[in-house]
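These notes concern the structure reproduced below.
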Amino acid sequence: MDIQEACTLRAKRCVPCEGGVPKYSLEEAQAQIVNHQDWQIIKDGQRIRREWTASNFMAAMQFFNAVAELAEDENHHPDIHLEGYRHVSVEIWTHAIGGLSENDFILAAKIDEIEWAGSPNT
């Protein structure tokens, strides 16, 4: 596994996975997460997670929908949570292998680039 910068990952597309791809070890996930400062490794190295606080409910929904559209385009679907009307979190893992793969970090890098009201990018 090569450690990749976020800009390199954003240039890639998620590859369909129906299993048979080795999942990252905890050490590999820890090495890769270094390039994704706002993401955390959770569930004993099986998932990555990031949280945001939007300025209001509609801004949270705008972001929620933008993540959903991106996920559908990449054919890699994270768990997206909305709590307390403006707190959004995203958990990503490769369901077919029960852990992390390159696809997860590709999607995380692309999610980080989404522009929305309340985003640090705007």
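Coordinate-derived values only; no laboratory data. If you're wondering where the values come from, they're calculated on a predicted model, not measured in any experiment. Glycine gets a Cβ as well: all are built from the backbone with ideal geometry, and neighbour counts include every protein chain shown.
Taking loop as defined by DSSP and a crowding limit of 16 other beta carbons within 10 Å, which chymotrypsin sites (Phe, Trp or Tyr not before Pro) in the range 22-122 fit? Walk me through the numbers on the way to the answer.
Values: sites: TYR24, TRP39, TRP52, PHE57, PHE63, PHE64, TYR85, TRP93, PHE105, TRP116; in loops: TYR24, TRP39, TYR85, TRP93, TRP116.
Listed in order of number, the matching sites are TYR85.
A convex hull fitted to the Cα coordinates of the range 6-112 yields 91 cubic angstrom per residue.
Check each of the GluC sites (Glu not before Pro) in the range 15-82 and keep only those in coil by DSSP with at most 16 other C-beta atoms within 10 angstrom; list them in order.
Values: sites: GLU18, GLU27, GLU28, GLU51, GLU69, GLU72, GLU74; in loops: GLU18.
For GluC sites (Glu not before Pro) across the range 15-82 that sit outside H, G, I, E and B with at most 16 neighbouring Cβ atoms in 10 Å, the list reads GLU18.
In the range 29-122, what trypsin sites (Lys or Arg not before Pro) fall in a loop by DSSP, with at most 14 other Cβ atoms inside 10 Å? Taking the range 29-122 and a limit of 14 other Cβ atoms within 10 Å, the loop trypsin sites (Lys or Arg not before Pro) found are LYS43.
Its Cα centre serving as origin, the range 6-112 has a Cβ charge dipole (Lys and Arg +1, Asp and Glu -1) of approximately 140 debye.
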